[in-house]
Amino acid sequence: MAIIKPFKCIRPAVDKAKDVAALPYDVYNRQEACDEVKDKPLSFLNIDRAETQFDSSVDTYDERVYAKAKELLETRMNDGTFEQEQKDCYFIYSLTMDGREQTGLVACASIDDYINNVIKKHENTREEKEIDRIKHVDTCGAQTGPIFLAYRADKVINDVIIKNKKNAPMFDFVADDGVRHAAWKIDNGSDINILQNEFGKIDSIYIADGHHRAASAVKVGLKRRNEKNNYTGDEEFNYFLSVLFPDEELMIMPYNRCVKDLAGNTTDEFIKKVGEKYDVEDNGTTPYQPDKKGDVGMYIDSKWYILHPKKEILSDDPVEGLDVSVLQNNVLAPVLGIEDPRTDSRIDFIGGIRGLKELERRCADDMKVAFAMYPTSIKELFDVADAGRLMPPKSTWFEPKLRSGLFIHAL
């Protein structure tokens, strides 16, 4: 059963929230991060990616970078940019994009629930990516980017959140990208008890996004356990910062694919081979975003095709039945020679937020063929995790992205 607890949150002063809020650290490369923080001294990206404070002679993973992150965080705590709650609270965090709102609960989850698989994963992590965040969290003594968790909707939890959202928000602003962010504090003891008790009845919570941040938080917690004298189990490092969303609130966008060449095939030969597994429908110059599971949009030589899967290539297996798996197993691997999409430089992945025009642009620029996918569903994500399996790489794209810096958990 899940332990989801309130905490003494470090957060921006209300009038600073918009200036502080930043997209997650891993959506930028170094140059993009440097460009993003120009003339934005309060942006949390300065702390999340403290290499932006150095010239290029200092490596991104230099120890001075992590020391600078700690220094900047302490400076912002001391100058009033950030404040710390004096009592344990939950927070409601609402994000609205293109008229669609999703509302989650900001809280701390247990590293033991992660270890014991109450908090379930669907993705492998890479050690080199973990090391960076381990150093960042351990040096700063704080978790600065929330883990995006999902759970099956619960009426009691929903009712508490709906009730508290009737209060005036703590902050409410529209970011430069048009996404609205609002937050409410839950400090009422009765509501806190209800939420803790209700989450205590939930036996499965799922990482939707943030596998590397979660793994890093757990490893920092275990490290500190080993270093702690008189360890009690109540220490804050036993928990990690999360925002938990009910499944009914979430929308997954497609994660599209494009490939640089046809592995020696002509366009006609390639389409003929695709036609052995999919029924190929010519859609001319009209872009096609799949509107049902199984179908794929394919763009090649300035034309769009609709691929309808033949029955024999479909599967009821939670992993093999995913649309991205069906395409991988029947086209990308056998026809295009993409055996391992994690490491093959010939394939690239395009988040659905960028639209079909980006697929056309890439094919005019550096790619030969692109595939527009139907999005993986949240149920499919749950089914894979419940089976103890892993999704193929780049199966899900969540929007909008949780902002960093709005909620911080001190260890």
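Structure above, values below:
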quantity: Residues being aliphatic (A, V, I, L, M) and over 20 Å from the mean Cα position of the chain (by Cα) - total across the range 317-334; calculated: 5
quantity: Residue in the range 51-58 that is crowded, with 20+ Cβ neighbours inside 10 Å, at pLDDT 95 or above and among the aliphatic types (A, V, I, L, M) present; calculated: no
quantity: Test for D383: is it under 12 Å from Y255 (Cβ atoms), outside the structural domain of V20 (by TED's automatic domain parsing), within 21 Å of the chain's Cα centre (by Cα) and modelled with pLDDT of 95 or more; calculated: no
quantity: Any hit, the range 20-38, residues being modelled with pLDDT of 95 or more, over 27 Å from H211 (Cβ atoms) and surrounded by 15 or more Cβ atoms within 10 Å (Cβ to Cβ); calculated: no
quantity: Residue count, the range 173-190 (criterion: surrounded by fewer than 16 Cβ atoms within 10 Å (Cβ to Cβ) and either touching a Ser or Thr at 6+ places or on another chain (Cβ under 9 Å) or part of a helix (DSSP H, G or I) (or both)); calculated: 4
quantity: Qualifying residue in the range 108-126 (condition: over 26 Å from D386 (Cβ atoms), of a type outside the set (D, E, K, R) and surrounded by fewer than 16 Cβ atoms within 10 Å (Cβ to Cβ)); calculated: no
quantity: From the options K219, K293, residue that is surrounded by 16 or more Cβ atoms within 10 Å (Cβ to Cβ), assigned to a loop (DSSP other than H, G, I, E, B), of a type in the set (D, E, K, R) and modelled with pLDDT of 95 or more; calculated: K293
quantity: Filter result for the condition that a residue is within 21 Å of A175 (Cα to Cα) and in contact with a His (Cβ under 9 Å, 6 or more places away or on another chain), over D19, D48; calculated: D48
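The values are calculated or read from the model by the stated rules, or taken from the named source; none is laboratory data. This one's a predicted model, so the numbers in the text were calculated from it and none came from an experiment. Neighbour counts are summed over all protein chains in view; Cβ atoms, including those assigned to glycine, are modelled from backbone coordinates with ideal geometry.
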